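Down below is the structure, laid out as structure tokens.
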Amino acid sequence: MSMNVFGVDIGGSGIKGAPVDLDRGDLAQERHKVLTPHPATPGAVVDGVVEVVEHFGWSGPIGVTFPGVVTGSTIRTAANVDKSWVGTDAAALLGERLPGSEITVLNDADAAGVAEMTFGAGKGRKGTVFLLTFGTGIGSALFSDGRLVPNTELGHLELNGHEAEKHASTKVKEDKDLSWHDWAHRVKKYLAHVEMLFSPELFIIGGGVSRKADKFLPLIEGISAEIVPAQLQNNAGIVGAAMAAAKR
């Protein structure tokens with residue numbers, strides 16, 4: 001019998017979740033997604049998480065990702081959701097609405113990274129590895145010989161006088177209607193900056209755009225590190241969230 005645990009991935013544009021088969025590192029059922037409310041206040045986002053969980057009639061441990069720094073279960077930063085999240089105990093807040101379910105909360109890119117290092121493109125890889133998720137913002141997960149350095153949030157590095165995610169996120173591509181070629185040039189500049197600082201052996205590119213890796217990865221040249229798409233694509237956060245809940 002495989003072990004299923006529920007994972008929820010809170011993003012700037014959507015909240016998605018599903019039961020996860022932790023033996024296979026894959027969704028046990030097709031995921032359910034709702035739009036992230038705007039403003040993305042704690043109460044409104046929790047409503048969305050509850051809707052996703054109740055869609056499956058789930059009862060049991062739940063792992064939840066958050067797009068910001070999480071220490072314990074307290075939110076420390078909130079770049080792409082409402083600032084009222086800062087200082088909130090997310091696990092306690094969710095637990096009030098989902099009684100009977102033990103809640104584990106972690107950074108969204110960290111969750112995706114752990115899933116990719118266990119089941120995906122980073123499996124068995126040593127040295128310095130980065131998982132970078134491109135979406136509403138840019139999330140980062142840093143691994144040293146397979147061990148996570150949590151809450152790096154390197155989408156907020158300065159690039160061209162602005163936060164990097166304001167220059168090279170998928171949202172920027174869509175908002176500015178950039179071609180794949182032009183957007184790939186921006187991504188290359190960001191990767192070059194991260195490479196200068198950390199000298200990784202491997203970049204894993206995640207987020208929804210990883211499904212279209214063939215359209216932009218071949219356009220990124222001049223980076224010493226290997227660059228590969230995430231194998232779990234945009235389900236990595238859900239899988240990693242479930243893994244965190246199971247580990248707890």
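So, VAL172, is that one under 15 Å from the mean Cα position of the chain (by Cα) and closer than 25 Å to ALA78 by Cα or not? Criteria not met by VAL172.
Looking for something in a helix (DSSP H, G or I), of a type outside the set (S, T, N, Q) and either touching a Ser or Thr at 6+ places or on another chain (Cβ under 6 Å) or over 15 Å from VAL5 (Cβ atoms) (or both) - is there at least one such residue anywhere in segment 62-77? Spell out how you get there, then give the answer.
Initially, segment 62-77 is screened for residues in a helix (DSSP H, G or I), giving none.
Scanning segment 62-77, I find no residue that is in a helix (DSSP H, G or I), of a type outside the set (S, T, N, Q) and either touching a Ser or Thr at 6+ places or on another chain (Cβ under 6 Å) or over 15 Å from VAL5 (Cβ atoms) (or both), so the answer is no.
Within segment 121-166, the set of residues being crowded, with 20+ Cβ neighbours inside 10 Å and of a type in the set (Val, Ile, Thr) comprises VAL129, THR133, THR136, ILE138, THR152.
Looking across segment 87-107, the residues that are exposed (fewer than 15 other Cβ atoms within 10 Å of the Cβ), assigned to a loop (DSSP other than H, G, I, E, B) and modelled with pLDDT of 95 or more come down to GLY87, GLU102. Residues in segment 167-185 that are crowded, with 19+ Cβ neighbours inside 10 Å and within 17 Å of GLU221 (Cα to Cα): ALA168, TRP183, ALA184. Regarding segment 197-217, can at least one residue be identified that is under 22 Å from SER144 (Cα atoms) and of a type in the set (Lys, Arg)? Scanning segment 197-217 turns up no residue that is under 22 Å from SER144 (Cα atoms) and of a type in the set (Lys, Arg).
The values are calculated or read from the model by the stated rules, or taken from the named source; none is laboratory data. What you see is a predicted model; the values in this text were computed from it and never measured. For neighbour counting, all protein chains shown are included, and Cβ atoms are generated from backbone atoms with ideal geometry for every residue, glycine included.
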